[in-house]
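Asks: Attaching a single structure in structure tokens format; questions to follow.
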Amino acid sequence: MYYKGKIFAVAPMIDWTDRHCRYFHRQISRQALLYTEMVVADAIIHGPRERLLSHDAAEHPLALQLGGSDPAKLAEAVKIAEPYGYDEINLNVGCPSDRVQSGTFGACLMLTPETVAECVAAMKAVATAPVTVKCRIGVDEQEPEEALPALMTRVLDAGADAIWIHARKAWLKGLSPKENREIPPLDYEIVYRMKQRWPEVFIGINGGIRTLDEAAERLAHVDGVMLGRAAYQNAAILADVDRRFFGDPAVEPDWQALCDRMMAYAERHIAGGGRLQHVARHMVGLFTGLPGARRYRQILSTDAAKSGAGPEVLAAAFAAVDFSGAEPEAVSA
């Protein structure tokens with residue numbers, strides 16, 4: 001997939017981009033690159049790997065994001081994941097949560113670029129899919145102009161196929177994960193400079209991008225652009241991704257067809273022992289800005305959570321929306 005054109009992606013987000021979220025997003029955009037939540041290598045090796053790695057074939061193109069700092073364990077996790085057919089394997093070098101830090105991986109790996117390089121090399125040795133890294137521009141007191149190219153040099157020498165850069169520092173002490181997504185200032189220019197320094201390398205950008213117009217502006221300087229919360233909180237903005245970023249013909253969204261597909265998907269999930277809420281919770285923000293969106297949210301937030309709720313709840317929620325209204329609004333980051 002890399003080097004064949006620009007890439008638009010939906011960022012990996014813990015507790016958000018599970019398989020139900022990804023299936024939902026795929027019904028709106030056929031082309032966007034989707035990411036799993038971060039999955040820890042130890043969990044794949046010792047835990048319920050089928051639950052952690054299985055996905056619907058419709059989700060492709062799909063990348064698996066791994067967390068870890070032990071090259072041997074990451075290589076083992078990649079080998080276990082291989083039969084599941086992911087289109088990319090990504091190493092998390094950007095998450096600042098306490099849980100991740102206690103495992104000595106995520107953003108704290110910015111402090112040990114040699115370890116990241118060893119991890120990438122081990123993953124590359126066993127992977128058939130591209131191996132990529134998602135990092136910050138630095139952590140704590142690091143000087144990004146030194147820390148970021150130092151990390152990139154190491155991981156590219158180790159064979160990384162692409163680098164996604166969240167254009168903010170992470171503060172490992174004193175800021176929560178939510179604050180780390182908002183308080184450290186964005187520095188898109190340093191990411192652009194990395195692309196100028198490594199013009200042959202696929203470099204993608206992430207952080208604070210709220211609209212497709214902003215995405216297009218960033219994409220003029222790099223190879224890939226990644227939306228996180230904005231794409232999750234108002235998934236309707238994904239409806240124009242295929243036309244704007246992949247050259248597909250303009251197509252009016254068929255919201256009723258989307259409803260029908262999600263009802264069928266929810267029915268399969270419930271038949272397998274799941275609950276409607278597992279699916280519906282990712283759909284709550286779909287129609288932000290349209291008349292009836294408040295009622296839509298109320299139905300999904302309350303009725304879908306009830307014991308025994310079935311796909312008909314989705315039909316009732318969609319019926320509350322007036323699709324002749326204005327285009328859904330973008331949400332702020």
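The values are calculated or read from the model by the stated rules, or taken from the named source; none is laboratory data. Here the structure is a predicted model, which means the values were calculated and not measured. FYI the Cβ positions are ideal-geometry reconstructions off the backbone, even for glycines, and counts take in every protein chain you see. Heavy atoms of the whole protein, side chains included, go into the accessibility calculation; ligands, DNA and RNA do not. Shrake-Rupley method; radii C 1.70, N 1.55, O 1.52, S 1.80 Å.
Asks: On the protein heavy atoms, probe 1.4 angstrom, tell me the percent of accessible surface of the chain carried by carbon and sulfur.
Replies: 50
Asks: Which pairs, out of Lys73/Lys173; Lys79/Lys173; Lys124/Lys195; Lys79/Lys134; Lys79/Lys306, put more than 29 Å between their alpha-carbon atoms?
Replies: Lys79/Lys173; Lys79/Lys306
Asks: Just round it to a whole percent: the fraction of Cα-Cα distances in segment 19-161 exceeding 17 Å.
Replies: Value for segment 19-161 (Cα pairs over 17 Å): 59 percent.
Asks: Between Phe246 and Glu200, what is the label-to-label distance in nm when each label sits 7 Å out along the Cα-to-Cβ direction?
Replies: Taking the simple label geometry, Phe246 and Glu200 are separated by 2.9 nm.
Asks: Please report how far the C-alpha centroid of segment 86-153 lies from that of segment 228-255, rounded to the nearest whole angstrom.
Replies: After rounding, the separation between the Cα centres reads 30 Å.
Asks: Highest first, please rank the peptides 230-236, 11-17, 289-295 by the mean number of other Cβ atoms sitting within 10 Å of their residues.
Replies: The most tightly packed comes first, giving 230-236, 11-17, 289-295.
Asks: On to the next question. What GluC sites (Glu not before Pro) does segment 98-159 have in DSSP loop regions with at most 13 other beta carbons within 10 Å?
Replies: Taking segment 98-159 and a limit of 13 other Cβ atoms within 10 Å, the loop GluC sites (Glu not before Pro) found are Glu141.
Asks: Tell me, what does the Kirkwood hydrodynamic radius of segment 77-135 come to in angstroms if you use every pair of distinct C-alpha atoms?
Replies: 12.0
Asks: Now for a separate question. Treating only the Cα positions of segment 99-256 as identical point scatterers, give the base-10 log of I(q)/I(0) from the Debye formula at each q in 0.14, 0.20 Å⁻¹.
Replies: For the requested q values the scattering log ratios are -0.77, -1.32.
Asks: Further, regarding this structure: For a protection proxy built on the mean count of beta-carbon atoms within 10 angstrom, sort 259-267, 164-172 highest first, please.
Replies: 164-172, 259-267
Asks: Per residue of segment 271-280, what does 6.51 cos²θ - 1.76 cosθ + 1.60 with θ = phi - 60° give for ³J(HN,Hα)? Whole Hz please, x for Gly and Pro, Karplus curve as stated.
Replies: Calculated HN-Hα couplings, in order: 4, x, x, x, 10, 4, 4, 4, 8, 5 Hz.
Asks: Still on this structure: With bins 20 Å wide starting at 0, give me the P(r) of the chain over every alpha carbon pair, in whole percents.
Replies: Pairs per bin, as whole percents: 32, 57, 11.
Asks: Give me a comma-separated list of calculated 3J(HN,Hα) values for segment 24-38, in order, Karplus coefficients 6.51, -1.76, 1.60 applied at θ = phi - 60°, integers in Hz, x for any Gly or Pro.
Replies: 4, 4, 5, 6, 9, 10, 7, 10, 4, 6, 9, 10, 6, 4, 5
Asks: Quote the relative contact order of the chain in percent (integer), defining contacts as alpha-carbon pairs under 8 Å separated by 6+ residues.
Replies: 16
Asks: Take every Cα pair under 8 Å in segment 90-139 that's 6+ residues apart, average their separations, divide by the length, and report that relative contact order as a whole percent.
Replies: 48
Asks: Next up: Rounded to whole Å, give me the distance from the Cα center of segment 50-75 to that of segment 299-313.
Replies: Between the Cα centres of segment 50-75 and segment 299-313 lies a distance of 30 Å.
Asks: Sort segment 215-274 into rounded, prolate or oblate with this rule: let a ≥ b ≥ c be the square roots of the eigenvalues of the Cα gyration tensor; rounded if a/c is under 1.5, and if a/c is not under 1.5, prolate when a/b is larger than b/c, oblate otherwise.
Replies: prolate
Asks: Hey, another quick one. Tell me, what ³J(HN,Hα) does each residue in segment 218-228 have, in order and in whole Hz, if you take phi through Karplus 6.51 cos²θ - 1.76 cosθ + 1.60 with θ = phi - 60° and put x for Gly and Pro?
Replies: 5, 5, 5, 10, 9, 9, x, 10, 10, 9, x
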